[in-house]
Amino acid sequence: MKTIIRKIYYSFFFILLGAGAAFAQTTQGGHISGALLDEQGKPLPFATTSLLNAKDSTLAKGAISNEAGVYSFDHVKNGQYLVKVSVVGYNKVASKAFTVDLGSQNVTVPTINLQQASQNLNTVTVVATKALIEQRADKIVVNVAGSVLAAGNSAMDILERAPGVSVDKDDNISLKGKQGVTVMINDKLTYLTAAQLATLLRSTDGNTIQSIELISNPSAKYDAAGNSGIINIKLKKNRQTGTNGSVTVGGGWGRYGRDNETFQLNHKQGKLNLFGTFSHSDQERYEDIRIKRIVTDSVGGQTFFNQSSYLPETNHNNSYRLGADYDISDKNTIGFVVSGYFNGELDRNTNNTYIGPNFTQVDSSLITNSVIRQTYHNIAFNVNDTWKLDTTGQQISADFDYSKFKNNSNAYYMTNFFLPDGSVQQPSAFLGNITPSNIDIHVGKVDYALPINKTLKMEAGAKYSDVKTDNDLQQSTIENGQYLSVNHFIYDEKVSAGYLNFNKSYKNTTVQVGLRGEYTSSTATGDSLGIVQKVPRSYFDLFPSVFVNHTLNDKNEIGISYSRRIDRPQYDNLNPFVFHLDPYTYQKGNPYLKPQYTSNFELNYTYNKSINVSLGYSHTTDVISEIPGADPKTKIGFVTTQNLQSQNSYNINVYAPYTITKWWEGNVNVTGFYLGFKSNGLEGGNLDRGQAAYQLRATETVTPIPGFKFEFTGNYQSALTYALFYVKPQYSIDGGVSHSFANKKANIKFSVSDIFRMRRNDVTSNYQDVDFDIRQQRDTRVARLTLTYNFGSNKIQMRQHQSAADDEKGRVKGNN
């Protein structure tokens with residue numbers, strides 16, 4: 001294992017060394033420039049321009065054309081070259097060869113005209129390949145569509161491999177080391193709890209995803225939720241006229257087998273566009289968890305708990321998405337989308353607990369066997385309208401959404417108690433839980449854009465959301481006995497929001513200033529065996545944002561940004577009553593949790609439209625964090641959620657793509673961060689902890705054989721501290737290959753995740769009377785084979801739409 005890690009370090013070292021050498025080469029030589037025009041004679045911005053050696057077509061330099069369609073290469077060595085241009089939607093084209101020498105060091109290449117690649121689309125399929133990871137001014141985009149590593153994986157699997165993203169043992173998602181990420185689907189909040197969001201992401205087939213956007217510092221146009229930023233998952237929507245679609249089938253094997261199937265269909269004729277997607281998957285997977293826990297009583301005596309749990313689960317997931325767009329006129333398009341899922345899960349868990357004065361001596365033990373059957377149902381409706389008011393860019397858009405989640409869980413726990421010699425210590429204990437859960441989400445929003453003049457644009461909008469969750473925990477302590485409602489929890493939250501944005505462009509500088517206001521009214525009501533606890537709350541907040549970007553020259557850009565954000569407590573974290581997991585473990589909520597607020601600052605530098613370096617700082621108050629504890633009398637451990645006083649975060653992120661040869665390219669992403677937590681009077685002590693940490697990620701894409709593409713990704717995360725928890729290092733290597741055939745209509749992909757089975761979650765905590773060590777191993781090494789076939793028309797049409805309520809669904813539980 002040390003050898004593998006050493007190879008990863010060496011790979012990063014040589015990559016960075018190569019980048020340094022590339023910088024060093026820019027100290028002398030000639031200057032080459034030229035312009036790009038489309039078939040209408042208009043400038044063609046942001047086109048990939050390559051300077052090639054005329055002798056063997058090897059790459060010498062790369063550049064991207066600016067907004068005026070102009071490109072340039074500086075410090076070019078003497079020799080013969082040609083310029084090759086490629087841009088999505090246009091045919092590739094190359095210039096004639098030219099010479100750079102002492103007599104002609106300033107070369108102006110004749111204007112290059114590009115033709116759209118949309119002719120003869122009935123017989124020719126246009127394939128536009130994007131880089132796997134793109135660095136843009138305000139976000140990082142992971143282009144999932146076409147990626148080898150996306151084949152057969154779920155949205156959660158893909159997120160775990162995205163730059164700067166990590167997922168912990170409880171499926172909490174972090175970005176650049178910070179939790180509190182808001183996950184959106186097609187620009188809409190999901191309004192789900194962490195567990196429910198994890199279920200939704202695991203049931204989303206990676207083959208239905210177009211791209212994933214990582215937005216670390218969002219503008220006022222976005223919801224203010226999410227202190228560490230936004231992850232926006234963009235789903236595919238076919239943009240082709242006529243009738244077309246695709247079929248994907250795949251299978252995989254880890255410790256257990258799994259399969260996935262997706263069918264997509266699109267029909268565009270005249271003013272009407274119909275589209276639909278259906279996905280199904282069956283998965284068997286497991287978790288192997290080992291927990292060592294020490295409980296200290298009031299006189300200093302210690303009891304040792306050694307627990308091991310084997311948690312296999314079987315999932316059957318089905319999701320669908322159907323919609324239509326209709327062009328009422330050239331300026332007005334109305335759309336309708338219905339989507340949802342119906343999923344099932346069966347868990348058969350075994351938990352062994354050994355209790356004694358140390359970890360090698362056992363005084364008693366217990367075995368808890370459980371069977372948990374869960375069902376998850378969701379249906380969502382969206383109506384949207386986009387109206388272009390004039391030709392200057394003035395437009396108004398509206399979205400109205402309704403989503404309903406209906407989840408149910410039936411759990412049966414049987415615990416047997418034993419003495420050291422194996423004899424029965426006491427009678428068996430039975431616990432049955434029935435947990436129906438219903439969530440209703442209503443959302444409406446309107447956005448308006450007005451170009452005041454050529455350099456000034458105003459954006460404004462309003463949004464209203466109403467979310468109601470209803471959870472009823474029913475329990476029985478006798479097999480086949482009557483179930484009694486022991487905890488009925490209802491949470492109702494209404495958020496009214498409005499924003500105003502101004503974008504101003506100068507010669508080399510763009511400025512965006514925005515302000516968002518949100519008024520929140522919520523009521524948490526818990527009824528436990530007739531004892532009612534009700535916590536109402538209302539508050540109004542302003543969330544300003546400022547973004548300034550300045551272009552120093554064709555190769556260097558800088559930017560600075562500030563935004564204020566909020567994280568409201570998850571619904572289940574507010575539930576004030578106790579949920580027993582076994583006789584010695586339970587979880588309880590906290591209805592008095594307050595929202596946490598974060599101020600984010602970020603400084604960005606971009607070189608040559610590709611290499612990006614960012615520096616960030618954030619300060620969070622009333623930090624929402626899980627807090628473990630133990631009752632020294634009963635020896636029972638528990639987990640609850642509290643507000644810590646403050647968190648300070650510093651981070652640096654470096655993203656550098658590179659090209660080794662014309663058939664080998666890659667990128668490296670390095671994130672360093674420091675997380676510091678402070679809270680006085682926490683569990684009878686004062687918390688003051690912090691630690692520097694880093695994440696390394698490198699992706700290599702190799703195409704040595706025409707029609708074949710190989711991808712490899714290496715990940716490493718160092719040890720880090722998060723509040724009361726110490727997380728040990730994590731690392732993994734993934735790889736895959738794809739091959740296109742049948743005139744590029746068919747594609748077969750083979751991939752293996754976590755090839756050496758190194759990815760594991762190890763967490764410890766030692767604070768006051770809390771002392772535990774957790775080791776969690778999942779079924780991470782999985783081999784997958786996936787086949788996709790595309791059929792039908794290939795004529796491109798341009799309209800796409802995304803709905804308005806996906807922002808609200810991410811706080812709901814149980815979307816497997």
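The values are calculated or read from the model by the stated rules, or taken from the named source; none is laboratory data. Predicted, not measured: the structure shown is a model, and the values here were computed from it. Counting neighbours? That spans all protein chains shown, and the Cβs are built from the backbone with ideal geometry, glycine included. Calculation scope for accessible area: heavy atoms of the full protein, side chains included, ligands and nucleic acids excluded. Shrake-Rupley method; radii C 1.70, N 1.55, O 1.52, S 1.80 Å.
Quick notes on this structure:
- Residue ranges 296-308, 488-500, 30-42 sort as 488-500, 30-42, 296-308 when ordered by packing (mean number of other C-beta atoms within 10 Å per residue, highest first).
- Solvent-accessible surface (1.4 Å probe) assigned to residue 537 amounts to roughly 70 Å².
- Per residue, segment 603-702 exposes 41 Å² of solvent-accessible protein surface, assessed with a 1.4 angstrom probe and all protein chains in place.
- Length-normalised contact order of segment 306-392 in % [C-alpha pairs under 8 Å, at least 6 apart]: 34 percent
- Bridges between two residues of the chain, per DSSP, are antiparallel at a rate of about 95%.
- For residue 519, net neighbour charge (Lys/Arg +1, Asp/Glu -1) across residues whose Cβ lies under 10 Å away: -1
- Per the Debye calculation on segment 479-629 with a single equal scatterer at every Cα and no solvent contribution, log₁₀ I(q)/I(0) for q = 0.14, 0.15, 0.16, 0.19 Å⁻¹ amounts to -0.85, -0.91, -0.97, -1.17.
- Inter-site label distance for residue 787 and residue 456 at 7 Å from Cα along Cβ, in nm: 6.1 nm
- By accessible area, using a 1.4 Å probe on protein heavy atoms only, the chain has 56% of its surface on carbon and sulfur.
- Separation between Cα centres of segment 706-734 and segment 584-636, rounded to whole Å: 20 Å
- Between residue 639 and residue 654, the contour length at 0.36 nm per residue exceeds the alpha carbon distance by 1.8 nm.
- Radius ratio Rg over Rh of segment 666-766, counting only Cα atoms, Kirkwood formula for Rh: 1.22
- The value of relative contact order for segment 560-673, using C-alpha pairs under 8 Å at least six residues apart, is 23 percent.
- Other residues with beta-carbon under 10 Å from the beta-carbon of residue 631 carry, at +1 per Lys or Arg and -1 per Asp or Glu, a net charge of 0.
- For segment 242-383, the Cα gyration tensor yields ellipsoid semi-axes of 53, 18, 11 Å (square root of five times each eigenvalue, largest first, whole Å).
- Protection proxy ranking of 550-557, 739-746, 406-413, by the mean of other Cβ atoms within 10 Å over each peptide's residues and highest first, is 406-413, 550-557, 739-746.
- Normalised by 2.2 N^0.38 Å, with N the number of residues, the alpha-carbon radius of gyration of segment 725-771 equals 2.11.
- The slack in the chain from residue 94 to residue 271, taken as 0.36 nm per residue of separation less the alpha-carbon distance, amounts to 59.9 nm.
- Crossing angle, helix 2-24 versus the chain [Cα axis fit, 0-90 degrees, rounded to tens]: 30 degrees
- Note on the chain: helix-only mean residue ellipticity at 222 nm, from DSSP H runs of 4+ residues weighted -39500 (n - 2.57) and normalised by residue number, equals -1500 deg cm²/dmol.
- The ratio of the alpha-carbon radius of gyration of segment 559-694 to the globular-protein estimate 2.2 N^0.38 Å is 1.45.
- Cα-only Debye scattering, segment 545-591: base-10 log of I(q)/I(0) at q = 0.26, 0.28 Å⁻¹: -0.92, -0.97
- In Hz, Karplus ³J(HN,Hα) per residue of segment 638-644 (6.51, -1.76, 1.60; θ = phi - 60°; x = Gly, Pro): 8, 10, 9, 10, 9, 9, 8
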